[in-house]
């Protein structure tokens with residue numbers, strides 16, 4: 001599904017803006033910010049498993065509060081990391097390795113169990129509860 005018209009038909013306007021146009025949802029607005037059920041988070045665009053609820057945590061880093069935080073991806077190869085020098089900043093962009101959709105950014109975070117903070121937009125995720 002590489003054609004942008006197909007993405008526009010599949011995704012909501014907000015999902016399209018964030019996933020395909022590299023946007024960001026407003027801090028604190030996402031449905032998974034204060035969500036702590038057991039299960040797995042998948043890419044809202046293609047369905048690939050991205051993060052486990054076991055790695056979700058509450059960040060205390062200023063500027064990173066307001067989006068779901070994960071300390072690691074669901075498995076090796078679940079996400080792709082790329083340099084992002086937009087907006088006059090040097091950051092690491094997090095992409096779905098299957099469909100290339102923008103998910104958020106990776107930051108250093110002392111409040112993370114392993115020092116890594118996957119700052120992910122809720123609109124990019126679908127949650128599958130553990131059965």
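The values are calculated or read from the model by the stated rules, or taken from the named source; none is laboratory data. Predicted model only: the values in this text are computed from it and were never measured. Cβ atoms come from the backbone with ideal geometry, glycine included; neighbour counts cover every protein chain shown.
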Please pick out the residue among 69, 44, 129, 108 that is farther than 24 Å from residue 7 by Cα and in contact (Cβ under 8 Å) with a residue 60 or more places away in the chain.
129
From the list 39, 77, 88, pick out the single residue that is at pLDDT 95 or above and either on the phi > 0 side of the Ramachandran plot or surrounded by fewer than 17 Cβ atoms within 10 Å (Cβ to Cβ) (or both).
39
I'd like the residue in the stretch 91-118 that is farther than 20 Å from residue 16 by Cβ and within 11 Å of the chain's Cα centre (by Cα) and, out of all such residues, is surrounded by the fewest Cβ atoms within 10 Å (Cβ to Cβ).
106
Provide a single number: the residues in the stretch 45-71 that are surrounded by fewer than 23 Cβ atoms within 10 Å (Cβ to Cβ), assigned to a loop (DSSP other than H, G, I, E, B) and at pLDDT 95 or above.
4
